[in-house]
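The numbers here are math on the coordinates, done by the rules we state, and not lab data. For clarity, every value in this text was computed on a predicted model and none was experimentally measured. When we count neighbours, we look across all protein chains shown, and the Cβ atoms used for this are built from the backbone with ideal geometry, even at glycine.
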Amino acid sequence: MKIFVPPIKSQGIKTKLVEWISANVENIDYDRWVEPFMGTGVVAFNVRPKKAILCDSNPHLIRFYNAIKNKEITSGIVRKHLTEEGQKLLSSSGDYYYEVRNRFNDNGNPLDFMFLSRSCFNGMMRFNRKGGFNVPFCKKPNRFAQALVTKITNQVENISQIIQYGDYTFKNQDFQVTLKELNPTDLVYSDPPYIGRHVDYFDSWSEDEEIILRNGLDNSGVKYILSTWLSNKYRTNNYIYDIWKECNVTTKEHFYHVGGKETNRNAVYEALLSNVELDNSISNSEMKSRIVLNKSRLTTEDNKYEIPEQLTLVLEEQQRLTKAIHNAGLAVN
Ligand SMILES: C[S@@+](CC[C@H](N)C(=O)[O-])C[C@H]1O[C@@H](n2cnc3c(N)ncnc32)[C@H](O)[C@@H]1O
């Protein structure tokens, strides 16, 4: 599958999971694709539904995609803008980044948003308490060399075409408003921020909000899929076993490197939770009992993974759950 990468970057971007998510939704019938938390939009732009409502509380993302939709931003405009602004960045030895950042925090220009997203430290998206973009410069004054400008220009062109051929609406609104607009024939892909993991102006998330989301999805009668993490080397996401306990679960491991050393290769298990059956999905209670009985690692695919760190984690999880089950007076077969 050719993956279309959006021109905006963010730490929560699901590029690596797009193929898996697409495969899981291809046999589901629906009239309209809805994302209450579109972020960079990479999931919708690759699933490519005919009709979609894509929402986010971050106004800059929505303004950017509406500007592409209305053709205020085209690939030609982007090429010219990044070439000219890139020159200024280079001749100022990088100081110009902070001029653009101040300007953007005053007027929210979507082209400046893209410039910052592509030249800030690590492609992060972070806003301070006043809603100002506050990520520092990546410290590469020649950031917008010809090759990168061409790459971003092509990304804008591809996404423009996808938007042009679909019936897509971009809305700057809180997820609770989106929940009220759902129709039972919608398929909702939900990728909320992780509880307690990352807090900034447009992007904080609490347990209460997660419960509101679950209730809103359940009560609207839609089919839904929710992306979340299941475990990493240190922690397990226990919300899966309470807030989302009625869902089916399918999992996928993905690796990240710490400091570039092969030995520091850590696995994270990602989960898709759904009220419909997905590829290889099992019920949440089955997943929980596998963990309690140490029947498999934290995955829905038996015996596939060989990760010692995960085994440690399973054992810790087993202890915790065994205790919880004992306390609740439940027996697991
Ligand atoms: C994990 S990111 C989504 C990433 C996206 N799937 C992607 O691949 O780029 C979560 C998104 O939720 C948005 N968000 C946070 N709180 C929100 C709220 N209360 N209502 C709507 N969107 C919210 C953030 O701005 C962020 O873009």
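What the table below lists for this structure:
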| read-out | value |
| --- | --- |
| DSSP-loop trypsin sites (Lys or Arg not before Pro) across segment 113-187, with at most 12 other Cβ within 10 angstrom | 129, 130, 139 |
| Of the GluC sites (Glu not before Pro) in segment 1-96, those whose Cβ has at most 15 other Cβ within 10 Å and which sit in DSSP loop | 26, 72 |
| For segment 159-179 versus segment 129-153, the gap between their alpha-carbon centres in whole angstrom | 25 |
| Hull volume in cubic angstrom per residue (convex hull over the Cα atoms of segment 1-221) | 119 |
| Environment charge at residue 136 (Cβ cut-off 15 Å; Lys +1, Arg +1, Asp -1, Glu -1) | +4 |
| Under 5 Å, built H, 5+ apart or other chain: amide partners of residue 34 | 53, 187, 188, 189 |
| Summed residue charge, Cβ within 13 Å of residue 156's Cβ, Lys/Arg positive, Asp/Glu negative | +4 |
| Violating pairs (Cα-Cα greater than 18 angstrom) within the set 16/71; 88/140; 245/288; 51/252; 80/151; 9/88 | 16/71; 51/252; 9/88 |
| Dipole of segment 1-221 [Lys/Arg +1, Asp/Glu -1 at C-beta], most positive-end residue of 205, 219, 107 | 107 |
| Surrounding net charge for residue 50, when Lys and Arg each add one and Asp and Glu each subtract one, Cβ distance under 14 Å | -2 |
| FRET efficiency, residue 99 to residue 121 (Cβ-Cβ, R0 22 Å, nearest 0.05) | 0.85 |
